[in-house]
Amino acid sequence: MRDAAPKTIYLKDYTPFGYTAQSVHLRFKLAPKATRVISRIAFAPNPDATDKSFFLHGEQLDLKWAKINGEAITPQISEEGLSCDAPDEPFIFEAEVEISPETNTALEGLYMSGGMYCTQCEAEGFRKITYYPDRPDVMSTFTVRVEGPHPVLLSNGNPGDSGDGFAEWHDPWPKPAYLFALVAGDLVAHPDRFTTMSGKDVDLNIYVRAGDEDKCAFGMEALKKSMIWDEKVYGREYDLDIFNIVAVDDFNMGAMENKGLNVFNSSCVLASPETSTDSNFERIEAIIAHEYFHNWTGNRITCRDWFQLCLKEGLTVYRDSQFTSDLRSAPVKRISDVIDLRGRQFAEDGGPLAHPVRPGSFVEINNFYTATVYEKGAEVIGMLKTLVGDEAYAKALDLYFDRHDGQACTIEDWLQVFEEVTGRNLKRFKRWYTSAGTPRLHVKESYKNGRYKLTFRQETPPTPGQPQKKPRVIPIAVGLLGVDGKEIVATQVLEMSKRQQSFKWEGLSAKPTPSILRGFSAPVILERDTDDAQRAFLLAHDTDPFNRWEAGRELAKSTLLAMIETGAAPSAGYLDGMLAVLRDDTLDPATRALMLGLPSQSDLTQILADKGVTSDPQAIYDAVQTLKLAMAQHMQDTLPRIYAACQVTGPYSPEAEPAGKRALANAVLALGSRLDGGKAAQEQYDSADNMTQQLSALACLLQENVGDAALAKFYQQWKHDRLVMDKWFGLQVSYAAPEDTAKVAETLTQHADFDHKNPNRFRATLGALAMHHAGFHHISGKGYTLLADWLITLDPLNPQTTARMCSAFQTWKRYDAGRQTMMKAEIERILAQPSLSRDTTEMLTRILAA
Ligand code: TRP
Ligand code: ZN
């Protein structure tokens, strides 16, 4: 019962480790059930530390022997690690442990996936490999010898000696243990080269299982683009002779930035036109960039402790979104990011799991790899850049890299470089890091005698542990439109820092229409008394592409809320507005596709809950179906023309332009299917030569309930391909009717190809259940029970993935008493399991405390 009394760890308790690690030598003798790890670590007393007790983390290790300066020792061993007396001068610690990768289903530490060995050490997995101060502020060079019969034996850094049955690696850059990696297996390389800006040649490889070689080319191009981009935009050059990427089928997250040896969930690197959709391609490009960018923001400069996680993640997400904006369409990327932010981060920030971008405490750090740390963390950096300007941002980043290279840093270090470069005091801005919750921004306008005034008031609702909120610094990008729709005041950034603040414009001949929070300049909820006429005006005239989209989204919300709350018919204004968007050939297809989308059903529930309205998931589902049908009918005459105009001919390319055309064509196909019963979708399915076209058509057929034949055909065609089969599992759940969703998911969990130990398959099936709003929350409660059953099954095997999926229950307080009672009962049933993991226990306890 190692988790009987989970300890809370506090940022304020940080103290440095009593020793520094000068060098680490590791020797691995690989064997599935009995791998031996022999370590030799040079330690020295840390002059910056007062506490000189010598404790090394270590979990589930079978210690064979340990020595200090060559003398055998008998350390005290606990469930958490090893302690012993240590000399007050430099010394050598040696140990040999045995571990069992084959039985490691948690996928943390050294484990096996499809016959290969691989590691995942972030955040605290290295302690499952050997005894070590497993904390990011202990940095050391690593020399690794891997012994095994495998043709490919990899670790971090540059290759050293190798021969039959062994390979040696040396990483000259001091790093924390969480960046350690080892891979061994019968793998095939997709090789390439890159010459850096200073003329250094770097070997690049993507390692995959035999049979996947034809899915590496796109990832490799993305890697080279990332390397060039980081040189051009941030002046950051790669720093080793080799950069390896390995694709692994069993992985808890997307990918991991281990120094010189990135390990990827195969779903985040393998791509081919036949098996991957346009969004898969875009996501793969972004994740490859993300992990590569970590080489500087995360690896060369790392985090002092795990409370500083946003230091590397927020910044790296920000950098990868800049990269995608540069390579593809900036407005499309911004709109997609905001949809994602509202769907995941706002939900988190508005519920029991709310926490600051830099949390002040945690029980299990794995539970804090959240949308708040990552996505809100990136928003905070975007705001900082908006406030200080591009030039100061570039200067501050140069200073940051210059000053902190090789160090383990804090948010204070990060803000300090901006203060020095700009002379600004960022104390107030820092609240974005320390205070949880999404600010509400109320706006009032007035116009008199040519003088126009906007008055803003900010307010952040209480979050767990933070009942009172201080005002934040909010950059509000605003433009003003004249009566004729022309822009009369170009975008300017208003800097709000008080609870209430007004901004004025003089000499206007008539009352303008404001376009507020352009580009979504701050992660806040804008509350404004506008009418549909003003929204339609902005939808037609706003020069800011984000706010033009936002106006359409506001109109969609307004008509959906009226439909849900009063049974109103779909608003003619909305339908006309969307028809105009569809026909507007000056708008690029990708943007039009985004504009035709509706707010998610879970977002609608949140909006209603904010107004104090408890909504019925089925009613929301029905309203969405009604609106989509009305849109299809209203656009009936235009749909075929757009569908035809957006057909892409020639060989498939995942670039933004053809992908945008397919996105619009498929949005049109989905609407049209509601009228033709899936006829056009069947034709597209039968003639599709790429996964985007095939899967979109299949989704339409399932939506119209005529997909059985296509589904069976799809299975026969793709049953050998794990990643495509994940789509097959997920899609059936996503497109099930609400009353059937749990049943469909349950049947799929009994399918021969369902493997709950594989996180991708588990998420494809049960994650799709959790995300099917009306299906998961169906009044029968079957969705809740099925998910809870599977979380109970998975927890002893894989706590990390189980805990992440507990967030499906985080919104339980939004619903009616009946649903609340059912969800609470399921949460309590999981919590009552004996030996429940610390991960899952923490998540569910926080959710319940709401
Ligand atoms: N650092 C990784 C990233 O953002 C995240 C990650 C990968 C991770 N695997 C993990 C975090 C396992 C915790 C546990 O790129
Ligand atoms: Zn990251």
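When Rg and Dmax are taken over the Cα atoms of region 440-522, they come to 14.5, 49 Å. For the pair region 152-220 and region 286-318, the centres of their Cα atoms are 20 angstrom apart. Applying Stokes-Einstein at 4 °C and 1.567 mPa s to the Kirkwood radius of the chain, computed over alpha-carbon pairs, gives a translational diffusion coefficient of 45 µm² s⁻¹. Ordered by solvent-accessible area of protein heavy atoms (1.4 Å probe), largest first, the residues Glu487, Glu550 come out as Glu487, Glu550. Backbone geometry of region 72-89 corresponds, through the Karplus equation with coefficients 6.51, -1.76 and 1.60 at θ = phi - 60°, to 3J(HN,Hα) couplings of 4, 10, 10, x, 7, 10, 10, 4, 9, x, 10, 9, 6, 6, 10, x, 8, 8 Hz, x marking Gly and Pro. The local environment of Thr491, defined by Cβ-Cβ distances under 10 Å, has a net charge of -1 under the rule Lys, Arg +1 and Asp, Glu -1.
Each Lys and Arg Cβ is given +1 and each Asp and Glu Cβ -1; about its Cα centre, region 381-504 then shows a dipole of about 1020 debye. Listed here are the pairs Lys727/Lys757; Lys430/Lys498; Lys312/Lys661; Lys661/Lys719; Lys128/Lys259; Lys175/Lys430; which of them are more than 24 Å apart at the Cα? With Cα atoms farther than 24 Å apart: Lys312/Lys661; Lys661/Lys719; Lys175/Lys430.
Lys/Arg Cβ at +1, Asp/Glu Cβ at -1, dipole of the chain taken about the Cα centre: which of Met725, Gln684, Phe91 is farthest positive-ward? My answer, from the dipole projection, is Gln684.
If both residues of a DSSP beta bridge must be in the chain, then about 80% of such bridges are antiparallel. 3J(HN,Hα) along region 465-478, derived from phi through the Karplus expression 6.51 cos²θ - 1.76 cosθ + 1.60 where θ = phi - 60°, amounts to x, 9, x, 10, 10, 8, x, 9, 7, 10, x, 10, 7, 10 Hz, with x in place of Gly and Pro.
A Förster radius of 25 Å combined with the Cβ-Cβ distance from Thr15 to Leu63 puts the calculated FRET efficiency at roughly 0.45.
Each Lys and Arg adds +1 at its Cβ and each Asp and Glu adds -1 at its Cβ; summed about the Cα centre, the chain shows a dipole of about 2660 debye. Taken as Cα centroids, region 766-833 and region 77-92 sit 43 Å apart, rounded to the nearest whole angstrom. Binning the C-alpha pair distances of region 54-184 at 10 Å intervals from 0 yields a P(r) profile of 12, 39, 38, 10, 0 %, listed from the shortest bin outward. Legend: residues Tyr621, Tyr19, sorted from most to least accessible area (1.4 Å probe; ligands, DNA and RNA excluded), read Tyr621, Tyr19. Mind checking the angle between helix 817-831 and the chain's longest principal axis? C-alpha axes, 0 to 90 degrees, to the nearest 10. Rounded to the nearest ten degrees, it is 10. Principal-axis analysis of the Cα atoms of the chain puts helix 278-293 at an angle of about 40° to the longest axis.
Could you sort out which of Lys486/Lys511; Lys470/Lys813; Lys33/Lys64 sit more than 18 Å apart by Cα distance in this structure? Among Lys486/Lys511; Lys470/Lys813; Lys33/Lys64, the Cα-Cα distance tops 18 Å for Lys470/Lys813.
Centroid-to-centroid, using Cα positions, region 1-53 and region 719-735 are 41 Å apart. For Phe714, what charge total do you get from the other residues with a beta carbon under 14 Å from its beta carbon, if Lys and Arg give +1 and Asp and Glu give -1? It works out to a net charge of -3.
In the assembled protein chains, Phe368 presents an accessible area of approximately 10 Å² (probe radius 1.4 Å).
The values are calculated or read from the model by the stated rules, or taken from the named source; none is laboratory data. Everything numeric here is computed off the predicted structure, so don't read it as measured data. With ideal geometry, Cβ positions are generated from the backbone for all residues, glycine too; neighbour counts draw on all protein chains shown. Surface accessibility is based on the protein's heavy atoms, side chains included, excluding ligands, DNA and RNA. Shrake-Rupley method; radii C 1.70, N 1.55, O 1.52, S 1.80 Å.
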